[in-house]
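The values are calculated or read from the model by the stated rules, or taken from the named source; none is laboratory data. All figures in this text were calculated on a predicted structure; none of them were measured in a lab. Cβ atoms come from the backbone with ideal geometry, glycine included; neighbour counts cover every protein chain shown. When the accessible area is computed, the model is the full protein with side chains, heavy atoms only, and any ligands, DNA or RNA have been set aside. Shrake-Rupley method; radii C 1.70, N 1.55, O 1.52, S 1.80 Å.
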Amino acid sequence: MTTGTRLGHIATGAVAAALLLPLGAVAWRAEGWSGFRASDGHVLWFTLWQAMVSAALSILLAVPVARALARRRFPGRGWVVLLLGAPFILPVIVAVLGLVAVFGRTGAVNTALGWADLGPVSIYGWQGVILAHVFFNMPLATRLILQGWLAVPGERLRLAASLGFAPGDTFRLLEWPMLRGVVPGIFLVIFLICTTSFAVALALGGGPRATTVELAIYQAFRFDFDLSRAALLGAVQLCLGGAAALLSLRLTLPSGFGAGLDRAVPRWDSGGWGLRVQDSAAILLACLFLLLPMVLVLSQGALAVTGLPASVWWAAVRSLAVALTAALATTALAFVMAQAATGARGGWAEVIGTLSVAASPLVLGTGLYVLLLPVVNPVSMALPVTVFVNAVLALPFALRALIPAMRDLDRDYGRLSASLGLGGLAWVRLVALPRLRRPLGFAAGLTAALAAGDLGVIALFASPDQATLPLVLYQLMGAYRMEDAKAAALILVALSLGLFWLFERGGRHAGA
Amino acid sequence: MRSTITIAAGLTLIGTAVAAEPLTVYAPDYFASEWGPGPAIKAAFEASCSCEIDYVTGDVLPRLRLEGERTRADVVIGLNTDDAERARATGLFAPHNVDTMGLTMPVDWEDDVFLPFNWGHTAFVYDTTRVDDVPDSFRDLVDNHPDLTLAIQDPRTSVSGLAMALWMHRVFGEEATDAWAALAPRIVTVTKGWSESYGMFTDGEVEMVLSYTTSPAYHLIAEDDDTKKAAIFPEGHYVMVETAGQLARTDQPDLAQAFMDFILSEEFQSIIPEGNWSLPAKLPPERMPEGFAALAMPEVALIYDSAEAEALRDTVIAEFEAGMAAR
Amino acid sequence: MLALEDLRVELGDFTLAADAAFVEGRITALMGASGSGKSTLLAAIAGFVAPASGRIRVTGADITGLPPGERPLSILFQDQNLFPHLTVARNIGLGLRPDLRLSADQRAARDAVLDRVGLTGLGDRLPRDLSGGQQSRAALARALLRGRPWLLLDEPFSALGPALRAEMLALLKETARGEGLSVVMVTHAPEDALAIADETALVSDGRLIAPVPTRALFDAPTPELRAYLG
């Protein structure tokens, strides 16, 4: 076992502890013990059902978009790819307002339907929950699948072209095996994100029938202060995540493409008007669906940006610091955990790493609070704890990008490295970092963006002078200042996207 | 580097030598934020006592219960009456020792632990440019107006949502579930908190939103917009009272008591209307800002005292769940 | 002497037994049908596959448990011998110090070996900018630079055309003799063996047959060789 792999196992153990200890701490602080309620069956069923449908739909819609982006080169493509990252990092409240502005009762879609003398469609209900989850996660799926597409070596595509593959053949022989390799993991992550959804499900679900497990946890914690129930439901959520992670590991197949020589190879399978129209439509529709809600909300804030008080900007600076630190932490964690996952007995690293997305942020935060309380004043730890929780919660995304790349690296150059005695830091510097730049940049960018937009834990710990940008956004809304809040959201999105862009660019351009 | 640390440590020492330990006040986020009443109150109090207030924000009650005896709080502010019984049950609080004569609240106050500092009526707020046929009673809203859409907050996650459930129970009694069922088709969305609902209302997605009779004051005073109004129901409006309490184990009992005494002072109370956009617990009408005088106010105020509210909590949430499920 | 003592390598259902030795200073060809396990045997010697039992010794020292990079040998694979993101010079430099912190002397040695394999002036290029033959030369250059006494080759030139392959084999033979390298080379082409191998060993029916002089073997083929040649 190499040092990296050993570090990876240690890191995995630490992450497992970070997930389980808070749960235990919450259970330990419980006053009395309560079990499940009769209504929990329905709650669990709704949670699973909507997560399943949302994940499946997100991926189904993402595949044509990712394929179109993989085989087209057009001006502004970089911007499209970048903006696709935006919905995922949008604060829930902004996303809800955006979706409502497009699909709501008085939104653009229903207005258009009204002109056409068609009856209105309602966003509220299970369809709204799924719509919102697809809005959040389809871009993520697109990004991750696109990574898979770009990882197909140009040599294979050249071979396909030389053999006169029709698009159908390319799909069957090259793209399908690639999808087979990446989709189960992506499905799992999105499924798990959707199981922990709560505010969106409630706002667009239109009532208590859209109750998810996370809402039940919030209720147990915030309203009933029934910590045993919160811990129990938190454990249910983790078990669900664990089961789903194990299942998806069994379904994942290695794509087995082998290594290319990093040659830039044009795509030969993009000719034909039919394909061109199909790809253009996919990209156009995706952009409309994802960007319109954001534009409608954020443009309302554009005018208010300059009038925002300095404290909002300071909050942005704090968010930036949190984002950068979390990105560094997650990338380092994911790097060693991916090494462990690639080596022998590494399955658990992948399971634990995936599991953290199923952890209830509320249980995690509360548990950490209970754990810290005897040691330090938790309020003074608000920002470090936010960094920590975000680093852990972003891990699954980072691993999703890194593990396949690490596996390829091991398969293609593992023996060469070993035969040269190339290990340790020299291997990291000369082989891993240059070869893994893209997934590392992606992981860092995504973590930074996620951490910048995270509200969860900071609300539990902060004192007013530690507020981050998302918290300020809610404070502004709570004080009736909707326009200022939208301006803050605009800054937040710009900040998150900016970080994402910088890291990704670093990933693509640096090095050979 | 080393010398910087030494200097910083030295400064900290000097700092603590001059000012005593600050008064730690647990407060909800909206209260202590830059846009809430907290900063002005802090400034006013600190000017009077050469001391310092440290706000700690978040979910006040759950945090207090997590911390128990170990809490660092000296004073807690922002506890709703519907939550007060649970706060009392922690046994962490000491009597407020403040004379509550002359409160300008529509309900009697006999609690000697929790001191009210502001209040408001729960109400449905609408936009006059979009709603012509305003319900003239709660019963009228429930029975008629099939096209009037509503956004409310979930009683399971939000204090204002819980207030509405209690309000429904108070007005409709045994028929509360039926009333929920009658409203259900028009309740477009149930949100986790107040902000989401109110945002959807100002964006024009719903015609009415569960909020407060004082909400129009913000639009009137801060935005010079008189199109937002609260529908007034003769059955009465549920009153939400926010209170403060001091911790029995505070290490600065004198300072904590000084803050409790400050709460009902005119200086504190006059910050509330435009700081919290709610009604102060003790402020003569002539000291109220102008915009507030124009607000329509209900004749009847409804409230359950904290013990009753606590006992009814599960009942009214069950009514909400059953009524909404019948949709 | 590279001695395989009662070596057994197991991969799933497949078992390979080897109890033979390769002599120092010679070029030995390792031949056998596809799937006979010759590449697996090479991988076991290089340290990528742990044997189920038996020992591997080089001049008496047991290397069975050593990590690949610490064995007294270099190996060239069928492909993936160069890191595509590193320049040729850096790829070769790895043979001296895996962390590439080369001294002036080491850099001079690296440039000398570049000249030696005919890649003068190409050190700054990336592998993708080299022809297949040049890539093979670069890989060979690194093996020379590492200075390990044994060189294992797993069909290293099979992707090259006949003329290039012959040229590479000639270069290999010349440098091996010049540097005193001992070579074990997996090949499926009898002409390769005949061209440069002093001895040839066959892998057949899950067993390594001890090497014998190539010329003699092909002059009087054993049943195993006849089966292979068909």
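This table checks each residue for (1) in the same structural domain as C:Met185 (by the TED database); (2) more than 28 Å from C:Glu174 (Cβ to Cβ); (3) in a loop (DSSP other than H, G, I, E, B); (4) not polar (S, T, N, Q).
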site: C:Val9; (1), (2), (3), (4): yes, yes, no, yes
site: C:Asp19; (1), (2), (3), (4): yes, yes, no, yes
site: C:Leu30; (1), (2), (3), (4): yes, no, no, yes
site: C:Ser34; (1), (2), (3), (4): yes, yes, yes, no
site: C:Leu66; (1), (2), (3), (4): yes, yes, yes, yes
site: C:Arg101; (1), (2), (3), (4): no, yes, yes, yes
site: C:Asp115; (1), (2), (3), (4): no, no, no, yes
site: C:Thr120; (1), (2), (3), (4): no, no, yes, no
inquiry  = Out of C:Gly123, C:Gly65, C:Gly95, I need the residue that is touching a Leu at 6+ places or on another chain (Cβ under 9 Å) and modelled with pLDDT under 90. Which one?
reply    = C:Gly95
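Can you find a residue that is open to solvent by less than 50 Å² (accessible area, probe 1.4 Å), in a loop (DSSP other than H, G, I, E, B) and small (Gly, Ala, Ser) anywhere in the stretch B:132-141?
Checking the stretch B:132-141: at least one residue is open to solvent by less than 50 Å² (accessible area, probe 1.4 Å), in a loop (DSSP other than H, G, I, E, B) and small (Gly, Ala, Ser).
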query = Across the stretch B:292-312, what is the number of residues that are in contact with a helix residue (DSSP H, G or I) (Cβ under 7 Å, 6 or more places away or on another chain) and either within 14 Å of chain A (Cβ to nearest Cβ) or part of a helix (DSSP H, G or I) (or both)?
reply = 6
note = Given (1) out of contact with any helix residue (DSSP H, G or I) (no Cβ under 6 Å at 6 or more places or on another chain); (2) open to solvent by 50 Å² or more (accessible area, probe 1.4 Å), A:Pro120 misses just (1)
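Could you tell me whether A:Val152 is crowded, with 18+ Cβ neighbours inside 10 Å and either over 30 Å from A:Asp412 (Cα atoms) or modelled with pLDDT of 80 or more (or both)?
It is false that A:Val152 is crowded, with 18+ Cβ neighbours inside 10 Å and either over 30 Å from A:Asp412 (Cα atoms) or modelled with pLDDT of 80 or more (or both).
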query = If you take just the strands (runs of 3 or more DSSP E) that sit entirely in the stretch B:189-265, which of them hold at least 3 residues that are buried (at least 21 other Cβ atoms within 10 Å of the Cβ) and within 14 Å of another protein chain (Cβ to nearest Cβ)?
reply = B:208-212
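Yes or no, residue by residue, for (1) in the same structural domain as B:Ile271 (by TED's automatic domain parsing); (2) open to solvent by less than 40 Å² (accessible area, probe 1.4 Å); (3) part of a helix (DSSP H, G or I):
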residue: B:Val98; (1), (2), (3): yes, yes, no
residue: B:Thr104; (1), (2), (3): yes, no, no
residue: B:Arg130; (1), (2), (3): no, no, no
residue: B:Ala151; (1), (2), (3): no, yes, no
residue: B:Ser160; (1), (2), (3): no, yes, yes
residue: B:Met168; (1), (2), (3): no, yes, yes
residue: B:Glu174; (1), (2), (3): no, no, yes
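Filter the stretch A:208-242 for residues that are outside any helix (DSSP H, G or I), hydroxyl-bearing (Ser, Thr, Tyr) and more than 10 Å from chain B (Cβ to nearest Cβ) and give the result. It would help to see each step written out before you state the result.
Initial filter on the stretch A:208-242 (outside any helix (DSSP H, G or I)): A:211-212, A:224-226.
Retained after the next criterion (residues that are hydroxyl-bearing (Ser, Thr, Tyr)): A:211-212.
Within the stretch A:208-242, A:Thr212 is the sole residue that qualifies.
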remark   = Matching residues in the stretch B:45-70 (surrounded by fewer than 17 Cβ atoms within 10 Å (Cβ to Cβ) and part of a helix (DSSP H, G or I)) number 7
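For the subset of the stretch C:36-64 comprising residues that are assigned to a strand (DSSP E or B) and surrounded by fewer than 20 Cβ atoms within 10 Å (Cβ to Cβ), which member is nearest to the chain's Cα centre (by Cα)?
C:Arg57
Do we find that C:Glu70 is charged (D, E, K, R), surrounded by fewer than 19 Cβ atoms within 10 Å (Cβ to Cβ), within 12 Å of chain A (Cβ to nearest Cβ) and over 21 Å from C:Gly25 (Cβ atoms) in this structure? Even if it seems obvious, please write down each step before you answer.
On the way: charged (D, E, K, R): yes; surrounded by fewer than 19 Cβ atoms within 10 Å (Cβ to Cβ): yes; within 12 Å of chain A (Cβ to nearest Cβ): yes; over 21 Å from C:Gly25 (Cβ atoms): yes.
Yes, satisfied.
I'm trying to understand the selection: among the residues of the stretch C:73-96, which are touching a residue at least 60 places away in the same chain (Cβ under 8 Å) and either more than 13 Å from the chain's Cα centre (by Cα) or open to solvent by 10 Å² or more (accessible area, probe 1.4 Å) (or both)?
Once the filter is applied, which keeps residues that are touching a residue at least 60 places away in the same chain (Cβ under 8 Å) and either more than 13 Å from the chain's Cα centre (by Cα) or open to solvent by 10 Å² or more (accessible area, probe 1.4 Å) (or both), the stretch C:73-96 yields C:Ile75, C:Phe77, C:Gln78, C:Asp79, C:Asn81.
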message = Checking A:Met294 against (1) open to solvent by 60 Å² or more (accessible area, probe 1.4 Å); (2) under 23 Å from A:Val80 (Cβ atoms), only one condition comes out false. Which one?
response = (1)
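Across the stretch B:300-317, which residue is nearest to A:Gln219 (Cα to Cα) among those that are without any contact (Cβ under 8 Å) to a residue 24 or more places away in the chain and exposed (fewer than 14 other Cβ atoms within 10 Å of the Cβ)? I'd like the intermediate steps shown before the answer.
Taking the stretch B:300-317 first, the residues without any contact (Cβ under 8 Å) to a residue 24 or more places away in the chain are B:308, B:311, B:314.
With exposed (fewer than 14 other Cβ atoms within 10 Å of the Cβ) added as a condition, the list becomes B:311, B:314.
Details: B:Ala311: 17, B:Asp314: 12 Å.
Only one residue fits best here, namely B:Asp314.
Can you spot a residue in the stretch A:264-273 that is within 14 Å of chain C (Cβ to nearest Cβ), at pLDDT below 80 and assigned to a loop (DSSP other than H, G, I, E, B)? Write out each step before concluding.
Pass one, the stretch A:264-273, residues within 14 Å of chain C (Cβ to nearest Cβ): A:264-265.
Checking the rest, the ones that are also at pLDDT below 80 come to A:264-265.
Right, trim to assigned to a loop (DSSP other than H, G, I, E, B) and you get A:264-265.
Scanning the stretch A:264-273, I find at least one residue that is within 14 Å of chain C (Cβ to nearest Cβ), at pLDDT below 80 and assigned to a loop (DSSP other than H, G, I, E, B), so the answer is yes.
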remark   = Among A:Trp126, A:Trp176, the single one that is closer than 30 Å to B:Val190 by Cβ and open to solvent by 10 Å² or more (accessible area, probe 1.4 Å) is A:Trp126
key: All positions within the stretch A:52-84 that are under 24 Å from A:Ala448 (Cβ atoms), assigned to a loop (DSSP other than H, G, I, E, B) and open to solvent by 10 Å² or more (accessible area, probe 1.4 Å)   = A:Gly76
task = Would you mind stating whether A:Arg77 is out of contact with any Phe, Trp or Tyr (no Cβ under 8 Å at 6 or more places or on another chain) and of a type in the set (Lys, Arg)?
result = yes
query = Can you tell me which residue in the stretch A:407-442 is least open to solvent (accessible area, probe 1.4 Å), limited to those that are at the interface with another protein chain (Cβ under 10 Å from one of its Cβ atoms) and charged (D, E, K, R)?
reply = A:Asp412
task = Grab the helices (runs of 4 or more DSSP H) fully contained in the stretch A:395-508, keeping just those with 3 or more residues being of a type outside the set (Gly, Ala, Ser).
result = A:437-453, A:458-461, A:469-478
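Mind checking which residues of the stretch A:77-121 are without any contact (Cβ under 8 Å) to a residue 12 or more places away in the chain and farther than 23 Å from A:Val152 by Cα?
Residues of the stretch A:77-121 that are without any contact (Cβ under 8 Å) to a residue 12 or more places away in the chain, as a first pass: A:77-79, A:106, A:110-119.
Of everything in the stretch A:77-121, those that are without any contact (Cβ under 8 Å) to a residue 12 or more places away in the chain and farther than 23 Å from A:Val152 by Cα turn out to be A:Thr106, A:Asn110, A:Thr111, A:Ala112, A:Leu113, A:Gly114, A:Trp115, A:Ala116, A:Asp117, A:Leu118, A:Gly119.
Considering only residues that are part of a loop (DSSP other than H, G, I, E, B) and open to solvent by 40 Å² or more (accessible area, probe 1.4 Å), look in the stretch C:199-220 and name the one that is farthest from C:Ala189 (Cα to Cα). I'd like the intermediate steps shown before the answer.
Going residue by residue through the stretch C:199-220, those that are part of a loop (DSSP other than H, G, I, E, B) are C:205-206, C:220.
Narrowing the set further to residues that are open to solvent by 40 Å² or more (accessible area, probe 1.4 Å) leaves C:205, C:220.
On the way: C:Asp205: 19, C:Ala220: 17 Å.
Residue satisfying both the conditions and the ranking: C:Asp205.
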query = Can you name the residue in the stretch A:92-117 that is open to solvent by 10 Å² or more (accessible area, probe 1.4 Å) and in a loop (DSSP other than H, G, I, E, B) and, of all such residues, is farthest from the other protein chains (Cβ to nearest Cβ)?
reply = A:Ala116
task = Evaluate the stretch B:79-88: report whether one residue or more is within 11 Å of another protein chain (Cβ to nearest Cβ) and modelled with pLDDT of 90 or more.
result = yes
ask   = List, please: which pairs have Cβ atoms under 6 Å, are six or more places apart or on different chains, and start with a residue in the stretch B:147-173 that is more than 9 Å from chain A (Cβ to nearest Cβ) and end with one that is part of a helix (DSSP H, G or I) and open to solvent by 10 Å² or more (accessible area, probe 1.4 Å)?
value = B:Leu148/B:Arg186; B:Leu150/B:Arg186; B:Gln153/B:Trp194; B:Ser160/B:Trp194
